[in-house]
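Structure first, then comments.
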Amino acid sequence: MKIAIKCEGITITDTGKVGGHDAAATLVRRFLRIFPEASVIGHAAHRADGFDVIPLEFVDAADTVVINMDVLDSTEVWRTIFRESGGLQPNIMNFVWEPVTILQHRVEKSVFALSCALFPTFASSERTASEVRDIVNKRVVSDLASLQRIGWVNLGFRPEHVKPRVTPDISVVLYPAIYLSPRKRPDLFRTVVEKVHARTPIKVEMRLQESHLISEKAMSFSQLNWVWVGPLTAERSSYYEALAHTTAFLATAEEEAYGMSYVEAMGAGVIGIFPDLPWAHALVPEGYPFVYTSAAEAEDMLYNVVTDPAAARKRLDDLVDEPFPQWISEHHSDDAFDREVQAAVRTWFATD
């Protein structure tokens, strides 16, 4: 079976590469690495750098599995391929990589649930898989809900990207998201880091997706002379070089499907401070010490970490009886993701 990856909004650069550094683009590149002969669904057929771009209408149902990252569109994808293939059964696998809770309208929720009942669905974390099961069981009639096939594995990261740590003159705090959307709670982040900065010198770094980089909120952050606001790094090596000199990050998101950016940072030795929420607990070992329930707790934790990062790292190492980044690497390696996704495709679509 051939693999075709569908993700709305993905751009192909003039040099034939998948453009962008957000989660969607990163995941498309990962699928292309996992399935070396895969193609990407696009508007016009052409050869890119190492892969083909093909319109949906060109997908051959007889020998292609579509990994669809746009789960709400799966029924329409099925209809298009079914029509263009002369009635052959399309092979579609949903890939759920965003929190189910972002669905607000009852129509979206119902369409999503139906899609996950009709088509095999792979989720980017155990929590997300559980959310998928819940919404299918609540919103789809029982005879269809009983057909659901759901797999999952944590996305993980590639430990070989990690760079040697560099100790900065002044502690660097990362805003660990690329969006300033309300769900990420950037106002809470600002409240906390401003209070910590009033107590001790820190620098804050924010790397934002382009549409958020030019927002009014980003401009407001950039007016603080101790906050650097800039674009996403151009290369993965540059990204990990930046993490190597970062002391800590303050997570403020209300919900995450997984949290790959947090895992990458912790794997690179950055000390994570998290809200007391289920998505955060899923990333770290039981008893993780830097989990806050209020802005005041977050302030105290961040202050203690940036003023004595060595002590903070020792607490983490002692918690897991090994260097904490090593624990992260062992529990969040992308080797498991690669293996489980390939196995799911083989199992669900009987591929060789």
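The values are calculated or read from the model by the stated rules, or taken from the named source; none is laboratory data. The shown structure was predicted, so the numbers you read here are calculated from the model rather than taken from an experiment. As a convention, Cβ positions derive from the backbone with ideal geometry for all residues, glycine included, and neighbour counts pool all protein chains shown.
One table, with the values for the structure above:
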{"quantity": "Residue count for the range 186-208, restricted to those that are crowded, with 16+ Cβ neighbours inside 10 Å and farther than 20 Å from residue 306 by Cβ", "calculated": "1"}
{"quantity": "Some residue of the range 23-45 being at negative phi, at pLDDT 95 or above and polar (S, T, N, Q)", "calculated": "yes"}
{"quantity": "Positions within the range 91-105 being at pLDDT 95 or above and either part of a helix (DSSP H, G or I) or more than 21 Å from the chain's Cα centre (by Cα) (or both), in sequence order", "calculated": "91, 92"}
{"quantity": "Filter result (touching a residue at least 60 places away in the same chain (Cβ under 8 Å) and either in the same structural domain as residue 17 (by TED's automatic domain parsing) or over 19 Å from the mean Cα position of the chain (by Cα) (or both)) within the range 219-247", "calculated": "241, 244, 245, 246, 247"}
{"quantity": "Hits in the range 158-185 (condition: crowded, with 19+ Cβ neighbours inside 10 Å and either more than 30 Å from residue 217 (Cα to Cα) or charged (D, E, K, R) (or both))", "calculated": "184"}
{"quantity": "Residue under evaluation residue 87, criteria (1) in contact (Cβ under 8 Å) with a residue 12 or more places away in the chain; (2) not in a helix (DSSP H, G or I), criterion not met", "calculated": "(1)"}
{"quantity": "Condition check for residue 316: over 19 Å from the mean Cα position of the chain (by Cα) and of a type in the set (A, V, I, L, M, F, W, C)", "calculated": "yes"}
{"quantity": "Qualifying position, being farther than 19 Å from residue 204 by Cα, within 19 Å of the chain's Cα centre (by Cα), crowded, with 19+ Cβ neighbours inside 10 Å and at pLDDT 95 or above, among 284, 270", "calculated": "284"}
{"quantity": "Residue under evaluation residue 214, criteria (1) of a type in the set (Val, Ile, Thr); (2) loosely packed, with under 15 Cβ neighbours inside 10 Å; (3) under 23 Å from residue 324 (Cβ atoms), criterion not met", "calculated": "(3)"}
{"quantity": "Subset tally (residues that are closer than 14 Å to residue 155 by Cα and in a loop (DSSP other than H, G, I, E, B)) for the range 257-283", "calculated": "5"}
{"quantity": "From 62, 4, residue being within 23 Å of the chain's Cα centre (by Cα) and among the aliphatic types (A, V, I, L, M)", "calculated": "4"}
{"quantity": "Residue match in the range 65-73 (condition: aliphatic (A, V, I, L, M), surrounded by fewer than 18 Cβ atoms within 10 Å (Cβ to Cβ), touching a Ser or Thr at 6+ places or on another chain (Cβ under 9 Å) and outside the structural domain of residue 232 (by TED's automatic domain parsing))", "calculated": "yes"}
{"quantity": "Residues (crowded, with 22+ Cβ neighbours inside 10 Å and in a loop (DSSP other than H, G, I, E, B)) located in the range 238-256", "calculated": "246, 247, 251, 252, 253, 256"}
{"quantity": "Selection count, the range 227-250, where residues are in contact with a Phe, Trp or Tyr (Cβ under 8 Å, 6 or more places away or on another chain) and of a type in the set (Val, Ile, Thr)", "calculated": "3"}
{"quantity": "Listing of helices (runs of 4 or more DSSP H) fully contained in the range 290-352 that carry 1 or more residues being modelled with pLDDT under 95 and surrounded by fewer than 16 Cβ atoms within 10 Å (Cβ to Cβ)", "calculated": "324-331, 334-349"}
{"quantity": "Test result for residue 16, farther than 30 Å from residue 180 by Cβ, free of Cβ contacts under 8 Å to residues at least 12 places away in the same chain and surrounded by fewer than 18 Cβ atoms within 10 Å (Cβ to Cβ)", "calculated": "no"}
{"quantity": "Scan of the range 112-136 for residues that are at pLDDT 95 or above and of a type in the set (S, T, N, Q), ordered by number", "calculated": "115, 121"}
{"quantity": "Which numbered condition residue 133 fails, given (1) within 19 Å of residue 40 (Cβ to Cβ); (2) part of a helix (DSSP H, G or I)", "calculated": "(1)"}
